[in-house]
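Trainee: Sharing a structure here in structure tokens format.
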Amino acid sequence: MKLNVNSEIALTHLLTRKRQTMIAAMGVTVGIGIFIFMISLVVGFNNYSDEALFKAEPHLRIYQDDTLSRPLIKQIKPDYTTVIINPKIANLSNTLVNPEKIIADLKKQDDIVTVTPQVSVNIFYNNGISQINGEASGVNILEANDMFNIESTMLAGDVRNLLSTSNGILIGVGIAEKLNIQLHDNINITSSIGVVKMMKVEGIFKTSNSNIDLTKSYINLAISQQLMKKSSSYLTDILVNIEDPNDAPKFSKQLQNSTIYKVEDWQAANEQSMSNKKTRQVMFGSISLAILLVAAFGIYNIINMTIKEKLNDIAILKATGFSGKDVINIFLKESLIMGIIGTSFGLLMAAGLIKFVSGIYIGGDREYFPIGYESPIFFIGAILGVLITLGAGYIPAIGAAKIDPIEIFRK
Amino acid sequence: MEKKVILQTKKIGKYFYQPVKFKALDDVSFKVFESEFITMVGKSGSGKSTLLYILSTMDTDYEGELFIGDEKITGQKPNYLAAIRNKNIGFVFQFHYLLPEFTCLKNVMIPALKLGKFSPQEIEEQAYQKLDLLGIKNQALKQASKLSGGQQQRVAIARALINHPKIIMCDEPTGNLDSKNTSIVLETFHQLSKEFGQTIIAVTHDNDFAKASNRIIELADGKLIHTT
Ligand SMILES: Nc1ncnc2c1ncn2[C@@H]1O[C@H](COP(=O)(O)OP(=O)(O)O)[C@@H](O)[C@H]1O
Ligand SMILES: [Mg+2]
């Protein structure tokens, strides 16, 4: 291979001090390895918790929000005193008007994956004298299964049996245990307005949230409407899943403009877990950046040392016609080579760590530690590794470029 | 016929401010002609090295003007000066010779690789020629740091020749050499000026060496006191 003279000088410097070169590169390896590993941990965990969330919640929910009564006499200007005001929740019903049109309009949009209606009913589950209160979701079971992957949480039974058994019900495992109910047993449910129905248990599910397991059930849409003594056009929510859940806030804003009903994205519905997520990201991000900086300092150190030891060489090079730019180029190449070596091994190290941790058994519904190889993280790690080492080399290299050869020669 | 002026100084003055303000060069004006072999003599501390650094374009902090060929060098940008040094000036320093981690051959080749006028193969061949000229071809593949001071000095002279510079400047090039090697260098310089038309400016303490040159410039206390 033909090297240009700057590269040749850089390589010779590195090869005649293999040990220091390796140590500095190893610093980068550890820095990048840990960086990618930590970020993968966070991303893996966030994906896992999002996944768990999406088993119970849609990306977007459209529903009739409670509205307050307006003042009887309209306020004419902002600073005019309102005469009569008696705010009360004023909506007569929480139903959505003409939901078929809303659903049909939504289904026409490109990035929307699933749209399904739902009726939420507050009910009591009864078996003998035991009683639990909870919430039944009246759904179109196939669509709901597409959305929440109910199937994957089933301990017993089959979600499709709801199609053939109109009074079928899928209950959480907590309800089944508390009321001592088995698959195919009957269960009484009573709605908030007193309608009682005898249901047949067609499935028992277990989510990662025990509170949901103790309250939630799925029933057919028609049954839920009967429980509320309403017609088949009665709907309380329209649930929407989109391609990329991260786009939900954008979508909700956009949808909100075209409907009088409340559109809520999952991020807004889960502010607490969103802020936990952000905290995690900031925490792990800053720890791994700090580790990267330490690695960068290692590179800075060795380049600085090389320059201190090579003042005479730099003076000779400058005297024989190498410019300041050439000197910078030489030392940047040195740090680039160390950075590339270090970063490559760092990628391997991260892959090894991820492989190891993903094999750790943690139980629960995920069974193994939620971490995976995320190529964007590896990509960012590689770029960062090279950029940071370049930066670390650049600072002392500028100093080297400014060296005045005469001062060296006079010594 | 009048010879062509290759280097000229006009009223060069140089101050040092540490530890006290001190005028190291004062009103130095002279001309050097093409293919001349000039020696510069003077007591230790008379300003010879200081003047040579200015002539070599490395020192830009002085009064007066410097011309190489027809070109005014004073006031040019550092990167441009580096290119001029690479192409037109070969320099042999007083105590600092070679890059220790490279072979002698590589040391000689580096300024030519930087210039990039010839292919690496051609440059290697030329480097061997220069080493041969100075009688150290057999050391070519040794690491520079493994050579004696005198051998290193000769490699440094070979390096100064590699780009066929118009001017070769040397600060005490024979300071480390025995009489046999001193005469090799002397012969080489004569050959370079006669056969290749190169100009040589050498600082020396050695009176015999100076007498053997075409012309002697003498400095005392930073002033030009005598040119033959
Ligand atoms: N960097 C410097 N700072 C202060 N004085 C210097 C410096 N370099 C050289 N000098 C002084 O300038 C004078 C000329 O030095 P120099 O050119 O090295 O003399 P020569 O090479 O003729 O022995 C000396 O008196 C020396 O002490
Ligand atoms: Mg001197």
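Trainee: If you go through region B:33-44 one residue at a time, how many are within 14 Å of ligand 1 (Cβ to nearest atom), of a type in the set (Ser, Thr, Tyr) and over 27 Å from A:Ile403 (Cα atoms)? Don't jump to the end; show me each part of the working.
Mentor: As a first pass, look at region B:33-44 and keep what is within 14 Å of ligand 1 (Cβ to nearest atom): B:39-44.
Still in the list and also of a type in the set (Ser, Thr, Tyr): B:39, B:44.
With over 27 Å from A:Ile403 (Cα atoms) added as a condition, the list becomes B:39.
Residues that pass the stated criteria total 1.
Trainee: Would you mind telling me which numbered condition in (1) closer than 22 Å to A:Tyr394 by Cβ; (2) buried (at least 16 other Cβ atoms within 10 Å of the Cβ); (3) within 14 Å of chain B (Cβ to nearest Cβ) A:Thr320 fails?
Mentor: Against the list (1) closer than 22 Å to A:Tyr394 by Cβ; (2) buried (at least 16 other Cβ atoms within 10 Å of the Cβ); (3) within 14 Å of chain B (Cβ to nearest Cβ), A:Thr320 comes up short only on (1).
Trainee: Under the condition of being in contact with a Leu (Cβ under 6 Å, 6 or more places away or on another chain) and outside any loop (DSSP other than H, G, I, E, B), which residue from region B:31-49 is nearest to the other protein chains (Cβ to nearest Cβ)?
Mentor: Filtering region B:31-49 for residues that are in contact with a Leu (Cβ under 6 Å, 6 or more places away or on another chain) and outside any loop (DSSP other than H, G, I, E, B), the one nearest to the other protein chains (Cβ to nearest Cβ) comes out as B:Lys48.
Trainee: Among the numbered criteria (1) more than 16 Å from ligand 1 (Cβ to nearest atom); (2) closer than 30 Å to B:Lys4 by Cβ; (3) open to solvent by 10 Å² or more (accessible area, probe 1.4 Å), which single criterion is violated by B:Thr174?
Mentor: (1)
Trainee: Looking only at region B:45-70, filter to residues that are near ligand 1 (Cβ under 10 Å from one of its atoms) and free of Cβ contacts under 8 Å to residues at least 12 places away in the same chain; which one of those is nearest to the chain's Cα centre (by Cα)?
Mentor: Among those residues, the one meeting the criterion is B:Tyr53.
Trainee: Any residue at all in region B:185-192 that's within 16 Å of ligand 2 (Cβ to nearest atom), open to solvent by 30 Å² or more (accessible area, probe 1.4 Å) and more than 21 Å from B:Gln8 (Cα to Cα)?
Mentor: The answer is no; no qualifying residue exists.
Trainee: Suppose we filter B:Arg159, B:Arg154 for residues that are open to solvent by 20 Å² or more (accessible area, probe 1.4 Å) and under 14 Å from the mean Cα position of the chain (by Cα); which single one remains?
Mentor: B:Arg154 is the lone residue from the list that is open to solvent by 20 Å² or more (accessible area, probe 1.4 Å) and under 14 Å from the mean Cα position of the chain (by Cα).
Trainee: Let me ask something else. Restricting to region A:282-336, name every residue that is farther than 20 Å from B:Ala83 by Cβ and among the aromatic types (Phe, Trp, Tyr).
Mentor: A:Phe284, A:Phe297, A:Tyr300, A:Phe331, listed by residue number.
Trainee: Inspect region B:130-143 for any residue being more than 16 Å from the chain's Cα centre (by Cα), farther than 13 Å from B:Gly90 by Cβ and within 14 Å of chain A (Cβ to nearest Cβ) and give the result as yes or no.
Mentor: yes
Trainee: Looking at the structure I just gave you, is B:Thr9 away from chain A (no Cβ under 14 Å), of a type in the set (Ser, Thr, Tyr) and either in contact (Cβ under 8 Å) with a residue 24 or more places away in the chain or away from ligand 1 (no atom under 14 Å from the Cβ) (or both)? First the steps, then the outcome.
Mentor: Details: away from chain A (no Cβ under 14 Å): yes; of a type in the set (Ser, Thr, Tyr): yes; either in contact (Cβ under 8 Å) with a residue 24 or more places away in the chain or away from ligand 1 (no atom under 14 Å from the Cβ) (or both): yes.
It is true that B:Thr9 is away from chain A (no Cβ under 14 Å), of a type in the set (Ser, Thr, Tyr) and either in contact (Cβ under 8 Å) with a residue 24 or more places away in the chain or away from ligand 1 (no atom under 14 Å from the Cβ) (or both).
Trainee: I'm told B:Lys14 meets every condition in (1) closer than 22 Å to B:Gln94 by Cβ; (2) basic (Lys, Arg); (3) under 19 Å from the mean Cα position of the chain (by Cα) except one. Can you identify the failing condition by its number?
Mentor: Single failed check for B:Lys14: (3).
Trainee: Shifting gears a bit: So, of the residues in region B:130-148 that are assigned to a loop (DSSP other than H, G, I, E, B) and among the aliphatic types (A, V, I, L, M), which turns out to be farthest from B:Pro100 (Cα to Cα)?
Mentor: Looking at the filtered set, the residue picked out is B:Leu134.
Trainee: Of (1) more than 10 Å from every other protein chain (Cβ to nearest Cβ); (2) closer than 18 Å to B:Val28 by Cβ; (3) not in a helix (DSSP H, G or I), B:Phe118 satisfies all except one. Which?
Mentor: Only one criterion in (1) more than 10 Å from every other protein chain (Cβ to nearest Cβ); (2) closer than 18 Å to B:Val28 by Cβ; (3) not in a helix (DSSP H, G or I) is unmet by B:Phe118, namely (2).
Trainee: Sticking with this structure for a sec: Report the residue count in region A:364-392 for those that are under 21 Å from the mean Cα position of the chain (by Cα) and open to solvent by less than 50 Å² (accessible area, probe 1.4 Å).
Mentor: Selection size over region A:364-392: 6.
Trainee: Follow-up question, since we're still on this one. Can you name the residue in region B:50-87 that is at the interface with chain A (Cβ under 10 Å from one of its Cβ atoms) and open to solvent by 30 Å² or more (accessible area, probe 1.4 Å) and is also farthest from A:Glu407 (Cα to Cα) among such residues?
Mentor: Once the filter is applied, the top-ranked residue is B:Lys87.
Trainee: Say whether the condition of being under 26 Å from B:Lys4 (Cβ atoms), without any contact (Cβ under 8 Å) to a residue 60 or more places away in the chain and within 14 Å of chain A (Cβ to nearest Cβ) is met by at least one residue in region B:94-111.
Mentor: Yes, some residue in region B:94-111 is under 26 Å from B:Lys4 (Cβ atoms), without any contact (Cβ under 8 Å) to a residue 60 or more places away in the chain and within 14 Å of chain A (Cβ to nearest Cβ).
Trainee: Could you please give the count of residues in region B:194-217 that are under 23 Å from B:Gly45 (Cβ atoms), touching a helix residue (DSSP H, G or I) at 6+ places or on another chain (Cβ under 9 Å) and open to solvent by 10 Å² or more (accessible area, probe 1.4 Å)?
Mentor: Number satisfying all stated conditions: 4.
Trainee: Has region A:299-310 got any residue that is part of a loop (DSSP other than H, G, I, E, B), within 14 Å of chain B (Cβ to nearest Cβ) and buried (at least 16 other Cβ atoms within 10 Å of the Cβ)?
Mentor: For region A:299-310, residues part of a loop (DSSP other than H, G, I, E, B), within 14 Å of chain B (Cβ to nearest Cβ) and buried (at least 16 other Cβ atoms within 10 Å of the Cβ): present.
Trainee: So, in region A:85-125, of the ones that are at pLDDT below 75 and farther than 27 Å from A:Lys197 by Cβ, which residue ends up surrounded by the most Cβ atoms within 10 Å (Cβ to Cβ)?
Mentor: A:Ile85
Trainee: A further question follows. Determine the pairs where a residue that is within 12 Å of ligand 2 (Cβ to nearest atom), located within region B:171-182, has a partner that is in a loop (DSSP other than H, G, I, E, B) and acidic (Asp, Glu) with Cβ atoms under 9 Å apart, the partner being 6 or more residues away or on another chain.
Mentor: Between residues of region B:171-182 that are within 12 Å of ligand 2 (Cβ to nearest atom) and residues that are in a loop (DSSP other than H, G, I, E, B) and acidic (Asp, Glu), the close pairs are B:Glu172/B:Asp206; B:Gly175/B:Asp206.
Trainee: Find the residue count for region A:191-204, including only residues that are open to solvent by less than 30 Å² (accessible area, probe 1.4 Å) and closer than 13 Å to A:Gly134 by Cβ.
Mentor: Within region A:191-204, residues that are open to solvent by less than 30 Å² (accessible area, probe 1.4 Å) and closer than 13 Å to A:Gly134 by Cβ number 2.
Trainee: Sticking with this structure for a sec: The conditions are (1) out of contact with any Lys or Arg (no Cβ under 6 Å at 6 or more places or on another chain); (2) open to solvent by 30 Å² or more (accessible area, probe 1.4 Å), and A:Glu264 fails exactly one of them. Which is it?
Mentor: Every listed condition holds for A:Glu264 apart from (1).
Trainee: Sticking with this structure for a sec: Go through region A:397-411 and report how many residues are away from ligand 2 (no atom under 16 Å from the Cβ) and either assigned to a loop (DSSP other than H, G, I, E, B) or open to solvent by 10 Å² or more (accessible area, probe 1.4 Å) (or both).
Mentor: Residues meeting the conditions: 6.
Trainee: Within region A:212-244, track down each residue that is open to solvent by 30 Å² or more (accessible area, probe 1.4 Å), more than 18 Å from A:Asn186 (Cα to Cα) and touching a residue at least 12 places away in the same chain (Cβ under 8 Å).
Mentor: A:Ile212, A:Leu221, A:Ala222, A:Gln226, A:Met228, A:Lys229, A:Lys230, A:Ser233, A:Glu243, A:Asp244
The values are calculated or read from the model by the stated rules, or taken from the named source; none is laboratory data. Just so we're clear, the structure is a prediction, and the values are computed from it rather than from any experiment. Neighbour counts run over all protein chains shown; Cβ positions are idealised from the backbone, glycine included. Quick note on the areas: whole protein, heavy atoms, side chains included, nothing else; ligands and nucleic acids left out. Shrake-Rupley method; radii C 1.70, N 1.55, O 1.52, S 1.80 Å.
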